[in-house]
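Working notes for the structure below.
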Amino acid sequence: MKAVTVNNIVKKYGTKKETVQALHGISFEVEQGALYGIIGPDGAGKTSLFRILTTLLLAEEGSATVDGFDVVKDYKAIRKRVGYMPGRFSLYPDLTVEENLEFFATIFNTSISENYDLVKDIYSQIEPFKKRMAGKLSGGMKQKLALSCALIHRPSVLFLDEPTTGVDAVSRKEFWEMLKKLKQQGITILVSTPYMDEAGMCDTVALMQNGRLLSVDTPQGTINEFKHPLLAARNSNMLQLLNDLKADTGVVDAYPFGEYHHVVMQNGTEKARLEQHLRQNNAEAFDAVPNIEDCFMALMKNEPAK
Amino acid sequence: MQNDKAIQVEQLTKRFGDFTAVDAISFEVNKGEIFGFLGANGAGKTTAMRMLCGLSLPTSGKAAVAGFDVYKQTEHIKRNIGYMSQKFSLYEDLTVKENIRLYAGIYGKSNAFIKEKTARLLQQLHLEAEANKLVGSLPLGWKQKLAFSVAVFHEPQIVFLDEPTGGVDPVTRREFWNMIYHAAAEGVTIFVTTHYMDEAEYCNRVSIMVDGRIDALDTPNALKKQFNVTSMDEVFLHLARKATRSDN
């Protein structure tokens, strides 16, 4: 059995006159025990999708199952089985750390002690502050408490909606380490993020934009689908270099990429020509390995605008 | 005050009770420079920025922004800077035109100035067809670009950008930086925070705050050389991992 199946889900908002389509018929499957990443910018439809799968929102069309249960018919069974950490901090600010965790354990007819082993790694980091009001916690501590509360009833599928948004690079790395440990406990994890560099931490990544999936693959598989040769280039005048690159007929796309520009080339011959040309003109140029962000931008180009 | 400096900061400190949020930081930002202000969550960036924007009085130290003193001339500072954040920028239930009109009006711009510049701006942003649409109905990428344009509409000397590209798609993120480059080329000083380390590379100079102090400040290339690494990501991790305090 798959942990999650999604078939042609369509979600629309607004009135008949003015509708915004958040999801354009999305389909995918998640294997049990997988760490599944949904990567896309704000407005891609990630939250709508998560709310449909956690039975908090009804889709207009399509069907979906979570842990074998239908999201419409069996919503009560699903609510017992999933953990959900929404993008916005949704715990009770006027309850203490411990009270929040106890509250969530109690509404699922369990107790902190019963499932302590599952949350121990995460909760022990905030346990020294268990008498503090949740509203008085720092951002990183709130995140750990929210994750503990989403886990305390031992869910089989965990939904994390943008857990690392607005979090600095160090804390983001630590959070993904926590997820890897949770995965070892056999929990299926669906996590959404706008940060492309987090793709590498997932077993499978679904790239999402404007309510559509651009691709679904392993991180390496996604990168292997990038079919054009890619160059990295730089010189002393990066703005001028970018304009020159964009004007070159052999260039499909050129864009800043950290300290270099990435240059997507039509083919190998054009790449060799441009590489030589750049070197003769005091620019540094070498073959670049595409990453998920390169792939995402290439896939975006094929998509109809919103 | 030397007039080629947009910002001058000397031993600037902010304490809340016995907690030192900003611990005697010193730095200067040149006019027309793109200055990246990085740091882990809780390092003190927001507190420092609030002092520079004239919204919070320092405990001690000196600072001048656009030539104005952060203790005595905060109203002058506010008039001469622009500000944009990821979290709040424009009113969703006002139209594009109404938002521009509101902000320009707050900064005391004349009707003639607003009218002429609004037309030019809408054309530059290719938003003429959306001029009378509610901002809430625009895609996020457009909103962020519009928000930046509104932040510099009153022609401030310095613009403070607090994580302007959070959650934005990679193409729009680059278009946004293109706008930053153009504004800087016109002489606007850019003071920007970001969690995207590739964006740190687009800055002329970058400072990294750790536990209330500025632990590194230089060009991206010099920083990479100093720490003997190949990316700003590694520079950041190297410094931020030393942090002993964790958050706001």
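The values are calculated or read from the model by the stated rules, or taken from the named source; none is laboratory data. Note that this is a predicted model, so its numbers are computed, not measured. Cβ: placed from backbone, ideal geometry, glycine included. Neighbour counts: every protein chain shown.
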Of the residues that sit in the stretch B:173-202 and are in a loop (DSSP other than H, G, I, E, B) and of a type in the set (Phe, Trp, Tyr), which one is surrounded by the most Cβ atoms within 10 Å (Cβ to Cβ)? B:202
Going through (1) touching a residue at least 24 places away in the same chain (Cβ under 8 Å); (2) in a loop (DSSP other than H, G, I, E, B) one by one, residue A:16 fails only at (1)
Applying the selection to the stretch B:204-220, what residues are part of a loop (DSSP other than H, G, I, E, B) and within 11 Å of another protein chain (Cβ to nearest Cβ)? B:219
How many of the residues in the stretch B:1-51 are over 16 Å from residue B:190 (Cα atoms), in contact with a strand residue (DSSP E or B) (Cβ under 6 Å, 6 or more places away or on another chain) and of a type in the set (D, E, K, R)? 3
Checked the stretch B:1-50 for anything within 13 Å of chain A (Cβ to nearest Cβ), under 14 Å from the mean Cα position of the chain (by Cα) and either farther than 18 Å from residue A:167 by Cα or outside any strand (DSSP E or B) (or both); matches are B:34, B:45, B:46
Collect the residues in the stretch B:59-117 that are within 26 Å of residue B:163 (Cβ to Cβ) and assigned to a strand (DSSP E or B), keeping them in residue-number order. B:61, B:63, B:64, B:65, B:68, B:81, B:82, B:83, B:84, B:85, B:95
Taking the options A:34, A:44, A:64, A:77, name whichever one is among the small types (Gly, Ala, Ser), in contact with a strand residue (DSSP E or B) (Cβ under 8 Å, 6 or more places away or on another chain) and at pLDDT below 95. A:44
Checked B:223, B:239 against criteria (outside any strand (DSSP E or B), closer than 12 Å to residue A:169 by Cα and within 12 Å of chain A (Cβ to nearest Cβ)); the one match is B:239
Can you find a residue in the stretch A:26-47 that is away from chain B (no Cβ under 14 Å), within 15 Å of residue A:159 (Cβ to Cβ) and of a type in the set (Asp, Glu)? no
Between A:208, A:201, which is buried (at least 17 other Cβ atoms within 10 Å of the Cβ), more than 11 Å from every other protein chain (Cβ to nearest Cβ) and modelled with pLDDT of 90 or more? A:201
Could you go through the stretch A:217-227 and let me know if any residue there is assigned to a strand (DSSP E or B), in contact (Cβ under 8 Å) with a residue 60 or more places away in the chain and either within 13 Å of another protein chain (Cβ to nearest Cβ) or surrounded by fewer than 22 Cβ atoms within 10 Å (Cβ to Cβ) (or both). no
So the check is Cβ under 6 Å with 6+ separation or different chains; which pairs have a first residue in the stretch A:171-187 that's within 14 Å of chain B (Cβ to nearest Cβ) and a second one that's of a type in the set (A, V, I, L, M) and surrounded by 11 or more Cβ atoms within 10 Å (Cβ to Cβ)? A:176/A:201
Return the residue satisfying two criteria in turn: it lies in the stretch A:244-266 and is exposed (fewer than 15 other Cβ atoms within 10 Å of the Cβ) and over 32 Å from the mean Cα position of the chain (by Cα), and of such residues it is farthest from the other protein chains (Cβ to nearest Cβ). A:249
Is one or more of the residues making up the stretch B:90-99 within 19 Å of the chain's Cα centre (by Cα) and within 30 Å of residue A:194 (Cα to Cα)? yes
Scan the stretch A:211-243 residue by residue and report those that are among the hydroxyl-bearing types (Ser, Thr, Tyr), more than 24 Å from the chain's Cα centre (by Cα) and modelled with pLDDT of 95 or more. none
Could you grab me the full set of residues in the stretch A:3-13 that are surrounded by fewer than 21 Cβ atoms within 10 Å (Cβ to Cβ) and touching a residue at least 40 places away in the same chain (Cβ under 8 Å)? A:5, A:7, A:8, A:10, A:12
If you take the residues of the stretch B:226-236 that are part of a loop (DSSP other than H, G, I, E, B) and loosely packed, with under 15 Cβ neighbours inside 10 Å, which of them is farthest from the other protein chains (Cβ to nearest Cβ)? B:228
